[in-house]
Amino acid sequence: MLGNKVTVFGGTGFVGRAVVNQLSKAGYHIQLVVRRPERFREFALYPNCRLVALDSFDNQTALVALLRPTKIVVNLIADRTTGTEQVEHDAFDRVSLKLKTAMESAGVERVLSLSQIGASTEQDSHCWLGALANFDNHMNTIANAKVTVLKAGLLIGEQDDTTQRFIQQLQRMPVLMLANANTEVQPLWVKDFAKALVAAIDQPAFFGKKIDVAGSEAMRLKDLGRLVADLMQAKDAVVFPMCRLNARIMAALGALAPVVSVSKSQLLTLQKDATTDQVFADHFGFEPMAIGPVIADYAQPKHQRERYNRFRQYANRD
């Protein structure tokens with residue numbers, strides 16, 4: 001009844017690439033909304049994916065017009081890795097209201113929206129999790145639409161903003177300094193998240209729900225850093241916390257920083273624990289990939305990665 005046309009917002013980052021790829025594999029026709037299509041031509045490599053330009057969410061006429069051909073919207077604006085397409089979190093309230101109004105005017109019937117574990121109206125509305133909670137509530141009250149809010153934990157995979165940074169730092173020197181080192185997380189492979197999101201599109205059991213989406217292995221960020229070091233065979237690597245002031249300085253310096261294991265995104269999104277009692281397999285019907293083989297695939301020396309690739313092929317999880 002919903003058809004196979006999907007509009008994706010915020011899809012140019014780490015999460016979006018996995019979701020667009022999974023949507024394409026599932027046979028959906030995707031229009032990916034961006035401000036500058038010329039910067040993301042590689043998305044044309046995905047079958048049935050086209051880029052659609054939107055200069056501003058304040059352009060309500062254009063926003064409604066591009067939404068009318070589709071009944072399904074995937075909203076990934078909460079992804080902090082979308083680069084020049086990023087919506088700052090202090091603009092979430094305004095943007096979410098614009099999106100809500102446009103989707104109601106266009107008659108959108110199904111919405112799946114990315115959020116984060118811990119987002120709550122009990123948080124200060126000016127902080128990340130508080131602003132995100134208000135955004136979620138706007139999405140959840142779209143008239144005549146079946147909405148699912150997927151509250152993700154730490155999503156990992158090649159080119160993520162966490163483990164990939166750990167790898168780059170350890171390739172420079174056997175010293176890994178971490179921001180928010182004691183934050184507890186349950187890492188989940190981004191491809192498993194994308195598979196779960198796409199499977200939820202036409203499943204009534206997900207309508208009107210807010211669902212925590214996380215892996216099955218709980219650990220602190222410093223434990224994750226240690227795991228990355230072990231998989232890289234950096235046995236002598238030292239893993240230790242970085243104070244918040246130094247972390248802010250390193251994140252502000254960006255590519256010029258002597259320490260590359262910290263980013264602005266980490267400082268924003270990993271201040272609070274991101275763990276849950278909800279079980280991934282209970283919601284989505286399959287077990288998420290263990291994070292060791294996932295990270296090993298892009299962190300280990302080549303001769304070790306080949307061994308893990310055989311495991312992945314055996315599990316049919318490529």
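No value in this document is a laboratory result; all are computed from the given coordinates. It should be emphasised that the depicted structure is a prediction, and the values quoted were computed from it without experimental measurement. Quick reminder, even Gly has a Cβ in these numbers, built from the backbone with ideal geometry, and neighbours come from all protein chains shown.
Sort C243, C127 so that the residue with the fewest other Cβ atoms within 10 Å of its own Cβ comes first and the one with the most comes last. Spell out each step's value before the answer.
Working: C243 10, C127 14.
Ordered from fewest to most neighbouring Cβ atoms within 10 Å, C243, C127 come out as C243, C127.
Given the Cα atoms of the chain, and with Rh set as the inverse mean 1/r over their pairs in the Kirkwood sense, what is Rg to Rh to two decimals?
Details: Rg = 19.4 Å, Rh = 20.2 Å.
The Rg/Rh ratio comes out at 0.96.
What's the exposure ranking of H283, H29, going from fewest to most Cβ atoms within 10 Å?
Working: H283 19, H29 16.
The most exposed by this proxy come first: H29, H283.
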How do T163, T81 rank when sorted from fewest to most other Cβ atoms within 10 Å of their own Cβ?
T81, T163
What shape does the stretch 20-65 take by its C-alpha gyration tensor, where a ≥ b ≥ c are the square roots of the eigenvalues and a/c under 1.5 counts as rounded, a/b above b/c as prolate, and the rest as oblate?
oblate
Using only the C-alpha atoms of the stretch 5-152, find the volume of their convex hull and express it per residue in Å³.
94
In whole angstrom, the spacing between the Cα centers of the stretch 27-67 and the stretch 188-232 equals 26
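Hey, what did the stretch 5-152 get for relative contact order, percent, Cα under 8 Å, at least 6 apart?
Relative contact order of the stretch 5-152: 23 percent.
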Can you figure out the FRET efficiency of L253 with A218, using R₀ = 25 Å and their beta-carbon distance, to the nearest 0.05?
0.20
Computed label-point distance, nm, for sites N48 and D124 using a 7 Å Cα→Cβ extension
4.6
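S125: net charge of surrounding residues, Cβ under 14 Å, Lys/Arg +1, Asp/Glu -1, itself excluded? Numbers along the way, then the final one.
Numbers: positive: R94; negative: D90, D93, E122, D124, D136.
Combined, the nearby Lys, Arg, Asp and Glu give -4.
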Against the longest alpha carbon principal axis of the chain, how many degrees, from 0 to 90 and to the nearest 10, is the axis of helix 128-140 turned?
30
Classify the stretch 114-263 as rounded, prolate or oblate, taking a ≥ b ≥ c as the square roots of the eigenvalues of its Cα gyration tensor: rounded when a/c is under 1.5, otherwise prolate if a/b is larger than b/c and oblate if not.
prolate
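Mind scanning K71/K98; K71/K264; K146/K264; K5/K272 and naming the pairs with a C-alpha gap bigger than 29 Å? Intermediate values should be presented prior to the final figure.
Numbers: K71/K98 17 Å; K71/K264 35 Å; K146/K264 33 Å; K5/K272 36 Å.
From the list (K71/K98; K71/K264; K146/K264; K5/K272), the Cα-Cα distance tops 29 Å for K71/K264; K146/K264; K5/K272.
Kindly state, to the nearest 0.05, the FRET efficiency for D55 paired with N246, given R0 = 30 Å and r defined as their beta-carbon distance. Write out the running numbers ahead of the final one.
Values: r = 39 Å, r/R0 = 1.29.
Computed FRET efficiency for D55 and N246 comes out at 0.20.
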In degrees rounded to 10, the 0-90 angle between helix 302-314 Cα long axis and the longest Cα principal axis of the chain is 50
List the relative contact order of the chain as a percent without decimals, with contacts defined as Cα pairs under 8 Å and 6+ residues apart.
16
